[in-house]
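The numbers here are math on the coordinates, done by the rules we state, and not lab data. Owing to the predicted nature of the structure, the values given are computational and were not obtained by experimental measurement. Counting neighbours? That spans all protein chains shown, and the Cβs are built from the backbone with ideal geometry, glycine included.
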Amino acid sequence: MRPTTDFVSHLEQWLTTGDTLLVCQDVDLNVNDFIELVSKISLRVTPSRQGLFSQVSYEADRDNALAESGLTALHTDGLYCTQIPDYGLLYCVDVGKQSIPTVFLDSSQIVAELRARGTLRTLEQLVGVYGNESGQVTHDIVGVHPRTKKPILQLGASGLTENVTVKTPSALGRKEISESLGVVYSLLETAECRVHRWTRGDVVVFDNHRMLHARGQGTRDKERRLLRIWMSRRS
Ligand SMILES: O=C(O)CCC(=O)C(=O)O
Ligand SMILES: [Fe+2]
């Protein structure tokens, strides 16, 4: 298996390419080493509610109000943070019994379709509201990629409609809001996603601004275990 140092060198190289997805196999990721090493390249680890890294497992999701975890819906990670993390990293510790994959979708592709349908203008009026310890943060549903400055979608996992509001009050009615979100939903349902089928030791790093992601369908798999780390570029 490749040591953490090898993986970090690879990651450093990949960052220069501007690619949206990095897949590495056979990595022996030591989280503490990784956190330290990453601070020596152009990244920093950005904490989530769970700390510098999070366990992704059936146990960790147990409190999720949805029957299945909200992570089965395509989403952007870390919307409750004031600054959305630039990258998400997932590391496979245990594939589990059902080999549930993770799927990725380039949201700029969806933006192009929304523009073609004339729905983008409506969506540009919308913001998502997310709660955190210090209150609420909002993020535009149609955001701008911090590096490429291209439009991207910023979507929460727990269902689009409930926490979406309008930038300028009275600019849009509830009906227009839900219709435009309905168009997003239907495009996401039929979009071709890139499917990552996990093997223990796999690391996937994704551009969290551009790539929406979701857990593939499956029933509760108590053995499936991933680690998640968020990172941003050091400015
Ligand atoms: O479990 C998965 O495949 C995806 C996990 C995920 O989206 C997350 O932890 O944010
Ligand atoms: Fe996620």
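Using only Cα atoms, locate the centre of the stretch 1-32 and the centre of the stretch 175-219, then give the distance between them in Å, rounded to an integer.
The two parts, judged by their Cα centres, are 22 Å apart.
What does the net charge come to around VAL95 if you take all other residues with beta carbon closer than 12 Å to its beta carbon, with K and R at +1 and D and E at -1? Please list the in-between numbers first.
Numbers: positive: LYS97, ARG197, ARG200, ARG224, ARG225; negative: ASP94, ASP202, ASP221, GLU223.
Value of the local net charge: +1.
Tell me which GluC sites (Glu not before Pro) from the stretch 1-98 have a DSSP coil assignment and no more than 11 other beta carbons within 10 Å of their own. Write out the running numbers ahead of the final one.
Numbers: sites: GLU12, GLU36, GLU59, GLU68; in loops: GLU59, GLU68.
Passing both the DSSP loop test and the Cβ count: GLU59.
Quick one: net charge around LEU21, please, counting Lys, Arg +1 and Asp, Glu -1 for every other residue with C-beta under 10 Å from its C-beta. Before the final figure, lay out each step's value.
Values: positive: ARG194, ARG210; negative: ASP19, ASP106, ASP207.
Summing Lys/Arg as +1 and Asp/Glu as -1 gives -1.
Quick query: amide H of HIS196 versus all other amide H atoms, modeled in the peptide plane; which residues come in under 5 Å with a sequence gap of 5 or more or a different chain?
Amide H neighbours of HIS196, under 5 Å, 5+ apart: THR102, VAL103, PHE104.
Please quote Rg/Rh for the chain to two decimal places, taking the Kirkwood radius as Rh and restricting both calculations to Cα atoms.
Value, to two decimals: 0.96.
Relative to the longest principal axis of the chain, what angle (0 to 90°, nearest 10) does the C-alpha long axis of helix 174-190 take?
Here the helix axis deviates by roughly 40 degrees.
Gaussian network model of the chain, Cα springs within a sub-10 Å range: biggest mean-square fluctuation belongs to which of ASN132, ASN163, ASN208?
ASN132
Report the residue, chosen from HIS75, HIS139, HIS196, that carries the largest GNM mean-square fluctuation when the chain is represented by alpha-carbon nodes joined by springs under 10 Å.
HIS196
What does the C-alpha gyration tensor say about the overall shape of the stretch 1-117? Classify as rounded when a/c is under 1.5, otherwise prolate if a/b is larger than b/c, or oblate. Mind showing how you got there, number by number?
Details: a/c = 1.57, a/b = 1.17, b/c = 1.34.
The shape class here is oblate.
Tell me, what HN-Hα J-couplings in whole Hz come from the Karplus equation 6.51 cos²θ - 1.76 cosθ + 1.60 at θ = phi - 60° for each residue of the stretch 94-101, using x for Gly and Pro?
8, 4, x, 7, 9, 6, 5, x
Mind pulling the angle between the C-alpha long axis of helix 107-117 and the longest principal axis of the chain? Nearest 10 degrees, somewhere in 0 to 90.
Roughly 20 degrees, rounded to the nearest 10.
Shape verdict for the stretch 105-181, please, from the Cα gyration tensor: rounded (a/c under 1.5), prolate (a/b greater than b/c) or oblate.
Details: a/c = 1.74, a/b = 1.14, b/c = 1.53.
Verdict is oblate for the stretch 105-181.
Taking only Cα atoms and a 10 Å spring cutoff, compute GNM fluctuations for the chain and point out the largest among LEU74, LEU212, LEU89.
LEU89
Can you give me the long-range amide H partners of LEU155? Hydrogens built in the peptide plane at 1.01 Å from N, cutoff under 5 Å, separation of 5 or more residues or another chain.
THR76
Just from its helices, what would the mean residue ellipticity at 222 nm be for the chain, if runs of 4 or more DSSP H residues each count -39500 (n - 2.57) and the sum is divided by every residue, rounded to the nearest 500 deg cm²/dmol? Provide the component values of the computation, followed by the final result.
Details: 5 runs with 52 residues, N = 235.
Using -39500 (n - 2.57) per qualifying helix, the result is -6500 deg cm²/dmol.
Cα axis of helix 4-15 to longest principal axis of the chain: angle in degrees, 0 to 90, nearest 10?
Taking the Cα atoms of the chain, the angle to 4-15 is about 40 degrees.
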